[in-house]
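Novice: This structure is in structure tokens; I'll ask about it shortly.
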Amino acid sequence: MSWPVTTRRNAAGELVIGDVSVVALAREFGTPLYIFDELTLRGRARSIREIFATAYPASRVVYAGKAYLSPALVHILADEGLGLDVVSGGEIHAGLVAGVDPAEMIFHGNNKSRRELEEAVSAGVGTIALDNDLEITLLDEVATRLARSVRVVLRLNPGVDPHTHNKMRTGATDSKFGFPVWDGQAVAAAGRVLASRRLRLAGYHAHVGSQIFDPNLVRETIGAMLAFAAEVRDRFGVVPEVIIPGGGFGVADDASGADVSIAEWASAAAEATARGCETFGLPLPDLVVEPGRSIIGPAGVALYEVGAEKIIPGVRTYVSVDGGMADNIRPALYGARYTVEIASRDTEGEPRRAVSIAGKYCESGDVLIEDALLPPTRPGDLLAVPMSGAYCLAMASNYNLSLRPAVVLVANGEAWQIRRRETYDDLLRTELLEFTPAASGVGRRLSSGKGSL
């Protein structure tokens with residue numbers, strides 16, 4: 001099961017991660033609580049980097065920050081030699097706070113603002129992925145005004161169907177991402193970039209989707225990218241320095257360990273790159289991959305406290321916890337299937353029953369896990385959900401004006417709080433309460449006189 005590698009039970013039957021009892025963590029930091037194991041995080045990053053270096057020496061691993069961009073955790077990943085894939089000005093800022101070299105960042109996104117492009121260029125972000133014609137115009141203007149030369153890649157839509165959840169498909173024909181390669185749009189975009197005095201076309205990017213379990217899809221993706229690279233070479237005389245086939249390595253949310261083989265993925269990518277370059281007469285480019293979930297997911301565990309139980313005879317038993325869709329929207333949004341264990345006591349040998357783990361939020365869809373097999377629970381029990389490191393906190397909200405949870409990092413018997421729990425004051429920090437009624441009683445005018453609502 002894909003729990004952190006340091007997970008065990010102590011003599012009292014309590015779950016222990018990083019040599020720290022989760023019961024002690026809950027007592028000190030409260031629940032819901034997200035726990036990250038440093039040894040697992042470093043091990044996943046190191047393993048993936050070494051696998052790709054073996055398969056294709058001219059490779060680089062860049063962590064997809066959208067999976068969860070905690071400055072403390074990204075600092076660890078940078079220490080392990082990983083770059084950072086960012087998709088917003090906020091992620092650029094967080095990466096800089098984490099100490100990431102901006103030259104090791106790649107800036108993605110399908111609708112970058114002028115301000116974000118200015119921030120990226122000013123910070124010295126190493127590569128910017130251009131997604132559309134407007135971005136070419138905006139970045140050229142920004143680079144000209146700042147007198148900078150900017151290394152760019154074109155994001156391509158190769159029309160590859162990844163056969164994943166429709167909300168995780170990014171490279172199929174009908175996608176908001178990238179320049180379509182089949183109708184001349186991508187070639188025209190390459191021409192525009194090459195005509196710029198400030199933009200330098202370094203290569204191509206394509207990411208067909210997330211939770212990809214078939215390594216053969218990377219062969220198809222890279223094949224399409226290199227065929228396009230040959231077309232640009234034939235028309236403009238430019239060959240790619242780098243090919244970026246994205247990430248999206250599939251991992252089992254239910255911690256069953258039924259993950260895609262990253263070694264097979266790396267081998268498929270290396271073989272497809274070598275074969276495509278030989279076929280089209282291209283020099284071998286650098287290969288950059290952008291895993292996120294497969295690095296951070298297994299390092300994280302969510303911890304909840306059990307509250308009420310509701311039995312509907314012949315239908316279902318609900319066990320409610322003090323978190324839910326505000327800290328993990330994925331079951332409601334994607335149908336993600338997690339597993340769960342009682343963490344505060346040893347239940348080995350106890351009979352199990354099917355229950356649904358319900359969140360505390362005012363939505364019928366707020367169910368974290370349907371038909372989980374658990375021993376009988378009681379109020380105050382702690383439940384641990386593994387594989388919670390990716391896309392849980394990153395997509396967390398303050399729905400129902402809930403407080404987003406604290407986050408701790410554990411290692412060698414020590415725990416560090418790397419994000420404090422929010423307070424009620426935090427929830428209202430951006431709200432403006434001073435206003436006076438308009439004479440008509442219909443509108444409202446800010447007392448500062450800076451605008452009207």
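Novice: Look at Asn398 and say whether it is exposed (fewer than 12 other Cβ atoms within 10 Å of the Cβ) and under 28 Å from Val251 (Cα atoms).
Specialist: Here the answer is no, as Asn398 does not meet what is asked.
Novice: Restricting to the stretch 52-75, count the residues that are of a type in the set (A, V, I, L, M) and buried (at least 21 other Cβ atoms within 10 Å of the Cβ).
Specialist: Qualifying residue count, the stretch 52-75: 7.
One line per residue, one yes/no per condition, for (1) over 23 Å from Asp85 (Cα atoms); (2) in contact (Cβ under 8 Å) with a residue 40 or more places away in the chain; (3) among the polar types (S, T, N, Q):
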site	(1), (2), (3)
Arg198	no, yes, no
Ala206	no, yes, no
Gly237	yes, no, no
Val242	no, yes, no
Gly257	yes, yes, no
Val260	no, yes, no
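Novice: May I pose another question? Of the residues Ala274, Ala269, Ala252, Ala202, which single one is over 29 Å from Ile136 (Cβ atoms), surrounded by fewer than 24 Cβ atoms within 10 Å (Cβ to Cβ) and within 26 Å of the chain's Cα centre (by Cα)?
Specialist: After applying the criteria, what remains is Ala252.
Residue-by-condition table, conditions (1) modelled with pLDDT under 95; (2) touching a Ser or Thr at 6+ places or on another chain (Cβ under 7 Å); (3) aromatic (Phe, Trp, Tyr); (4) surrounded by 18 or more Cβ atoms within 10 Å (Cβ to Cβ):
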residue	(1), (2), (3), (4)
Gly297	no, no, no, yes
Val319	no, yes, no, yes
Ala336	yes, no, no, yes
Val340	no, no, no, yes
Ala343	no, no, no, yes
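Novice: Could you tell me whether Val355 is in contact with a helix residue (DSSP H, G or I) (Cβ under 9 Å, 6 or more places away or on another chain) and not in a loop (DSSP other than H, G, I, E, B)?
Specialist: no
Novice: Would you check which residues across the stretch 182-211 are within 30 Å of Tyr334 (Cα to Cα) and either touching a helix residue (DSSP H, G or I) at 6+ places or on another chain (Cβ under 6 Å) or of a type in the set (A, V, I, L, M, F, W, C) (or both) and list them?
Specialist: Those that are within 30 Å of Tyr334 (Cα to Cα) and either touching a helix residue (DSSP H, G or I) at 6+ places or on another chain (Cβ under 6 Å) or of a type in the set (A, V, I, L, M, F, W, C) (or both): Trp182, Tyr204, Ala206, Val208, Gly209, Ser210, Gln211.
Novice: Kindly list the number of the only condition in (1) over 28 Å from Asp133 (Cα atoms); (2) small (Gly, Ala, Ser); (3) touching a residue at least 40 places away in the same chain (Cβ under 8 Å) that fails for Gly65.
Specialist: (1) is the only condition that Gly65 fails.
Novice: Further question on the same structure: Check the stretch 94-112 and report whether any residue there is in a helix (DSSP H, G or I), among the basic types (Lys, Arg) and modelled with pLDDT of 95 or more.
Specialist: Within the stretch 94-112, not a single residue is in a helix (DSSP H, G or I), among the basic types (Lys, Arg) and modelled with pLDDT of 95 or more.
Novice: If you go through the stretch 411-423 one residue at a time, how many are in contact (Cβ under 8 Å) with a residue 24 or more places away in the chain and under 17 Å from Tyr68 (Cα atoms)?
Specialist: 4
Novice: Assess whether Ile243 counts as being aliphatic (A, V, I, L, M), touching a Gly at 6+ places or on another chain (Cβ under 7 Å) and either closer than 28 Å to Leu69 by Cα or in the same structural domain as Ile136 (by TED's automatic domain parsing) (or both).
Specialist: yes
Novice: Filter the stretch 82-93 for residues that are in a loop (DSSP other than H, G, I, E, B) and not β-branched (Val, Ile, Thr) and give the result.
Specialist: Within the stretch 82-93, Leu82, Ser88 qualify.
The values are calculated or read from the model by the stated rules, or taken from the named source; none is laboratory data. Small disclaimer: the values here were computed from a predicted structure and weren't measured. A quick note on method: Cβ atoms are made from the backbone with ideal geometry, for glycine too, and the neighbour counts reach across all protein chains shown.
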